[in-house]
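Q: Just passing along the structure, written as structure tokens.
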Amino acid sequence: MTKKVLIKTYGCQMNVYDSSRMRDVLAPLGYDETTSVDEADFVILNTCHIREKAADKVYSELGKLRDMKEARATDGREMLIAVAGCVGQAEGGEIIKRNKGVDLVFGPQTYHRLPELMKQRAEQGRAVVETEFQVERKFEGLASAPQAIGSVASFLTIQEGCDKFCTFCVVPYTRGAEFSRPVAQILEEARKLAAKGVREVTLLGQNVNAYRGEGGNGPESLAGLVTRLSQISGIERIRYVTSHPRDMSDDLIAAHASNEKLMPYLHLPIQSGNDRVLKAMNRGHSVSHYMNIIDRIRKARPDIALSGDFIVGFPGETEEEFDDTLKVVADVGYASAYSFKYSPRPGTPAAEKTNQVPEKAKNERLARLQSLILQQTATFNASCVGKTFPVLLEKPGRQQDQLIGRSPYLQSVHLPSDGLKIGDIAPISIKAVGPNSLSGQYSPIT
Ligand code: SAH
Ligand code: SF4
Ligand code: F3S
């Protein structure tokens, strides 16, 4: 009899990738995926610890799940509950102390051992916590399994972990030290994806451009890996995320000029536009270093769309220092960007600071920054109207004979199907800008 698993994913793309690999691991045990909690025999929360709100969500969700589990027990039906991901890694045994309904806790580096952990849970009759770091073995354990995907665009994790220790960030503690998968393993996975109809891969890593995977003749850079991936037939588009300014090497910038398959889009977080704040954040780069990269990448690929991340209200940030962040945004002109209020995270150096910025100031700064970013996104989207660019068609739209695709600049594009099908990369001329997407029309080159 098949059983059902519900995997709820929070946080970054890496968690999305991990959730899809958990599905692969569970399929041989007879688990099918469901999106309904009522149907689920097994619920996995794949969690995020990056900000307080993200972690809090997990505990409120677990409260509801425990109630459901207890209600079911009265009819003799079982429900297994697991906490995976970064909250699992950071809080470990604390989770089962706070919520007695939880059966399994494991981190991002141990989910390949899920069958074994489930067996252990059944045999010992009490909750199992497993938070060891074993990245290498995880990928070896997963390498043979192709992802269960039904999409033409897919994530592919190539690098994990972080050695940079920005003073605000939990990632080095939840994902562990930097690790790069060997080139051969990545190429094998990409070939399998291509054979399943994938046309676009997004290479993932917390510091994806710090990639230094074993390439056969010593370590390979991200630019080298991209070159090798672009030789796989079927793979037409390559993206990578998230990059760190310190690792934005010359060969990677040059690849944007020479490699047609590398999409003209770069997510390059600066976090703050003020050098004193950047230093206190331990970012290891200055504003001028960042602006220099932006200049060089625009020279290499003039149409590149830029994106970034910003934190407002880092401990000690003054109004003037925040204004420097607005100035950077104004100077760069982003196609899109993410901005967050600083959230103190247990165990990180910045959380210990006594000069925390009051909530009211953080709210005001966030509102000002977000309104500027929104304006820039609107300007960028408007500049696309009248242009024609290749769109990868990813899924059916809500309306009849409508398709939804992705532009090279990562915008969602809606269009009438006009005989096109999912997986096609077709020239689409952009007609209008909607609230969250563009709309266009097939415009064959004659
Ligand atoms: N490795 C990436 C970012 C990973 S975390 C990089 O170095 O750029 C994603 C984003 O969450 C960060 O870029 C940062 O903007 C935000 N973030 C991380 N820790 C945070 C915190 N304590 N409070 C608010 N935002 C945070
Ligand atoms: Fe976090 Fe900094 Fe590492 Fe990015 S580089 S994951 S922000 S510690
Ligand atoms: Fe969150 Fe972990 Fe990703 S903390 S952002 S899920 S690496």
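The values are calculated or read from the model by the stated rules, or taken from the named source; none is laboratory data. As the structure is a computational prediction, the values presented were derived from the model and not from experiment. Positions of Cβ are generated from backbone atoms using ideal geometry, with glycine treated the same way; all protein chains shown enter the neighbour counts.
Q: Any idea which residue in the stretch 4-30 is farthest from ligand 3 (Cβ to nearest atom), counting only those that are in a strand (DSSP E or B), under 22 Å from ARG77 (Cβ atoms) and in contact with a helix residue (DSSP H, G or I) (Cβ under 8 Å, 6 or more places away or on another chain)? If you could, list the steps in order and put the result at the bottom.
A: Taking the stretch 4-30 first, the residues in a strand (DSSP E or B) are 4-9.
Next, from what is left, pick out any that are under 22 Å from ARG77 (Cβ atoms): 4-8.
Then keep just the ones that are in contact with a helix residue (DSSP H, G or I) (Cβ under 8 Å, 6 or more places away or on another chain); that gives 5, 7-8.
Details: VAL5: 19, ILE7: 14, LYS8: 13 Å.
Ranking the candidates gives VAL5 first.
Q: Please enumerate the residues belonging to the stretch 333-362 that are away from ligand 1 (no atom under 14 Å from the Cβ) and either at pLDDT below 95 or more than 19 Å from PHE322 (Cα to Cα) (or both). Reasoning before the result, please.
A: Initial filter on the stretch 333-362 (away from ligand 1 (no atom under 14 Å from the Cβ)): 333, 335, 354-355, 358, 360-361.
Result: ALA335, single match.
Q: Could I ask something else about it? Tell me which residues, restricted to the stretch 401-446, are part of a loop (DSSP other than H, G, I, E, B), among the hydroxyl-bearing types (Ser, Thr, Tyr) and farther than 19 Å from VAL201 by Cβ.
A: Once the filter is applied, which keeps residues that are part of a loop (DSSP other than H, G, I, E, B), among the hydroxyl-bearing types (Ser, Thr, Tyr) and farther than 19 Å from VAL201 by Cβ, the stretch 401-446 yields SER417, SER437, SER443, THR446.
Q: In the set ALA184, ALA190, ALA195, which member is under 22 Å from LEU393 (Cα atoms) and over 20 Å from the mean Cα position of the chain (by Cα)? If you could, list the steps in order and put the result at the bottom.
A: Values: ALA184 fails: under 22 Å from LEU393 (Cα atoms); ALA190 fails: over 20 Å from the mean Cα position of the chain (by Cα).
Exactly one residue qualifies, and that residue is ALA195.
Q: Okay, next question. With respect to VAL37, determine if the residue is surrounded by fewer than 17 Cβ atoms within 10 Å (Cβ to Cβ), away from ligand 3 (no atom under 16 Å from the Cβ), in contact (Cβ under 8 Å) with a residue 24 or more places away in the chain and closer than 30 Å to THR202 by Cα.
A: yes
Q: Which residues, taken from the stretch 370-388, are surrounded by 18 or more Cβ atoms within 10 Å (Cβ to Cβ) and within 18 Å of SER443 (Cα to Cα)?
A: CYS384
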